[in-house]
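Participant: Starting off with a structure, shown below.
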Amino acid sequence: MLEDRDYFVLESPEGFLDPESVFGNRAPLHVEIGSGKGEFLSGYAPLHPDWNFLGFELAEKRIRNILKKLSPQKHPNVRLLRLKVDAGIAELLPPVSVRSVYIQHPDPWPKRRHHKRRLVQPDFLAALATVMEPEAQLHISTDHEEYAHWIGGLLSRQPEFISLQPELIQSAPSLQDHVSTWYEVEQRRQGFEPHYLLFQRI
Ligand SMILES: C[S@@+](CC[C@H](N)C(=O)[O-])C[C@H]1O[C@@H](n2cnc3c(N)ncnc32)[C@H](O)[C@@H]1O
């Protein structure tokens, strides 16, 4: 519904987004990048009513998919921004404002000449580190094995992050109340199992 769109989809802010004015409270801010069809936001946010969730999604079609799964009654702690996230996130979210970041099945751009289009790059991780609180968690999953190793390698070299898992890349999710996203289900159906990474901002 149009009213729901107005409720959930934020205008791109001039300067830093102010989470307190957006959500009307100072609850911990959890950020999902590439929300896709919205399974995570619609399923996970109601399990944590005392946290706020901001979903970034680039594609308008996906924003419409997500809106179909949200209602102001059930998801008062969710908002969306239609935006292509990159290292510019450090100019959008206030420094040290984010409790957790979730990136689930980011586009793998498998061809070597397209690797520069990948979301996870050193400058992006450095920018993410500036917006995350100390001890904030970064959850990443991908069904693409080579991208999982690319992400694990970059994060291991990024001084602001340490892995929280016994194995850098695990086959089981670290979240106890894990919500399977559309891509996770679809890729698994095609035989591509997810790889999970969990890092902490030092
Ligand atoms: C492969 S899909 C995964 C969607 C969802 N996370 C899932 O697991 O089902 C990647 C999603 O990220 C969005 N996306 C890709 N690059 C993005 C970016 N730089 N910023 C925000 N969204 C992005 C795409 O539009 C798409 O919806």
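Participant: Can you give me the distance in nm between label points at Glu145 and Ile162, each placed 7 Å from the Cα along the Cα-to-Cβ direction?
Facilitator: Simple spin-label model gives 3.0 nm for this pair.
Participant: Would you tally the net charge around Asp143, using a Cβ to Cβ cut-off of less than 13 Å, leaving Asp143 out, and scoring K and R as +1, D and E as -1?
Facilitator: Around Asp143, the charge tally is -4.
Participant: Among DSSP beta bridges whose residues both lie in segment 30-201, state the antiparallel percentage, nearest 5.
Facilitator: DSSP beta bridges in segment 30-201 are roughly 35 percent antiparallel.
Participant: Can you compute the helix-only [θ] at 222 nm over the chain? Use -39500 (n - 2.57) per DSSP H run of at least 4 residues, normalise by all residues, nearest 500 deg cm²/dmol.
Facilitator: -8000 deg cm²/dmol
Participant: Something else about it: GNM on the chain, C-alpha springs below 10 Å: top fluctuator among Ala27, Ala45, Ala136?
Facilitator: Greatest mean-square fluctuation among the candidates belongs to Ala27.
Participant: Here is a follow-up. So for the chain, if I pair up every lysine 8 or more residues apart or on another chain, how many of those pairs have alpha-carbons under 30 Å apart?
Facilitator: Step by step, the pairs that qualify in the chain add up to 17.
Participant: For the chain, set up a GNM with springs between Cα atoms under 10 Å and report which of Leu119, Leu164, Leu54 has the largest fluctuation.
Facilitator: Leu164
Participant: Taking every pair of alpha-carbon atoms in the chain, what share in percent sits in each 5 Å bin, from 0 to the bin with the longest distance?
Facilitator: Using 5 Å bins, I get a P(r) of 1, 7, 16, 21, 22, 18, 10, 4, 1, 0 for the chain.
Participant: Considering the dipole of the chain built from charges on the beta carbon (Lys and Arg +1, Asp and Glu -1) around the Cα centre, which of Val98, Leu138, Gln121 is farthest to its positive end?
Facilitator: Gln121
Participant: Could you give the size of the charge dipole of the chain about its Cα centre, using +1 on the Cβ of each K and R and -1 on the Cβ of each D and E, expressed in debye and rounded to the nearest 20?
Facilitator: Values: 23 positive and 27 negative charges, 133 e Å.
For the chain, the charge dipole is close to 640 debye.
Participant: For a quick check, take a GNM of the chain with Cα springs below 10 Å and name the residue from Leu67, Leu47, Leu155 with the largest mean-square fluctuation.
Facilitator: Leu47
Participant: Taking 2.2 N^0.38 Å as the expected size of a compact globular protein, what ratio does the Cα radius of gyration of segment 141-202 give against it, to two decimals?
Facilitator: 1.15
Participant: Test of understanding: what is the full-extension gain from Asp107 to Ser180, defined as 0.36 nm times their sequence separation minus their Cα-Cα distance? Don't jump to the answer; show the numbers that get you there.
Facilitator: Working: separation 73, 0.36 × 73 = 26.28 nm, distance 1.66 nm.
Residue separation times 0.36 nm, minus the Cα-Cα distance, leaves 24.6 nm.
Participant: What does the charge count around Ser180 come to, taking other residues whose C-beta lies under 9 Å from its C-beta (Lys +1, Arg +1, Asp -1, Glu -1)?
Facilitator: Neighbourhood net charge equals -1.
Participant: Which FRET efficiency value, to the nearest 0.05, do you get for Glu133 and Arg5 by plugging their Cβ-Cβ distance into 1/(1 + (r/R0)^6) with R0 = 35 Å?
Facilitator: Step by step, r from the Cβ atoms, then E = 0.70.
Participant: Moving on. Tell me, what HN-Hα J-couplings in whole Hz come from the Karplus equation 6.51 cos²θ - 1.76 cosθ + 1.60 at θ = phi - 60° for each residue of segment 167-174, using x for Gly and Pro?
Facilitator: Each residue's phi maps through the Karplus curve to give 9, 3, 10, 10, 9, 10, x, 7 Hz.
Participant: Would you tally the net charge around Ile66, using a Cβ to Cβ cut-off of less than 12 Å, leaving Ile66 out, and scoring K and R as +1, D and E as -1?
Facilitator: Charge balance in the 12 Å sphere: +4.
Participant: Relative contact order for segment 1-83: what is it in percent, counting Cα pairs under 8 Å that are at least 6 residues apart?
Facilitator: It rounds to 38 percent for segment 1-83.
Participant: Relative contact order (percent) for segment 30-201, with alpha-carbon contacts under 8 angstrom and 6 or more residues of separation? Intermediate values should be presented prior to the final figure.
Facilitator: Values: 317 pairs, mean separation 40.5, N = 172.
Contact order relative to length: 24 percent.
Participant: For segment 37-138, what relative contact order do you get, as a whole percent, if you take Cα pairs closer than 8 Å and at least 6 residues apart?
Facilitator: Once divided by the residue count of segment 37-138, the mean separation gives 28 percent.
Participant: Express in whole angstrom the spacing between the alpha-carbon centres of segment 132-174 and segment 1-78.
Facilitator: Between the Cα centres of segment 132-174 and segment 1-78 lies a distance of 24 Å.
Participant: Using θ = phi - 60° and the Karplus form 6.51 cos²θ - 1.76 cosθ + 1.60, what ³J(HN,Hα) does each residue of segment 91-104 get, whole Hz, x for Gly and Pro?
Facilitator: Result, ordered by residue: 9, 9, 9, x, x, 6, 10, 10, 8, 8, 10, 10, 10, 10 Hz.
Read-outs throughout are calculated quantities, based only on the coordinates presented, and are distinct from any laboratory measurement. Just so we're clear, the structure is a prediction, and the values are computed from it rather than from any experiment. Positions of Cβ are backbone-derived with ideal geometry, glycine not excepted, and every protein chain shown enters the neighbour counts.
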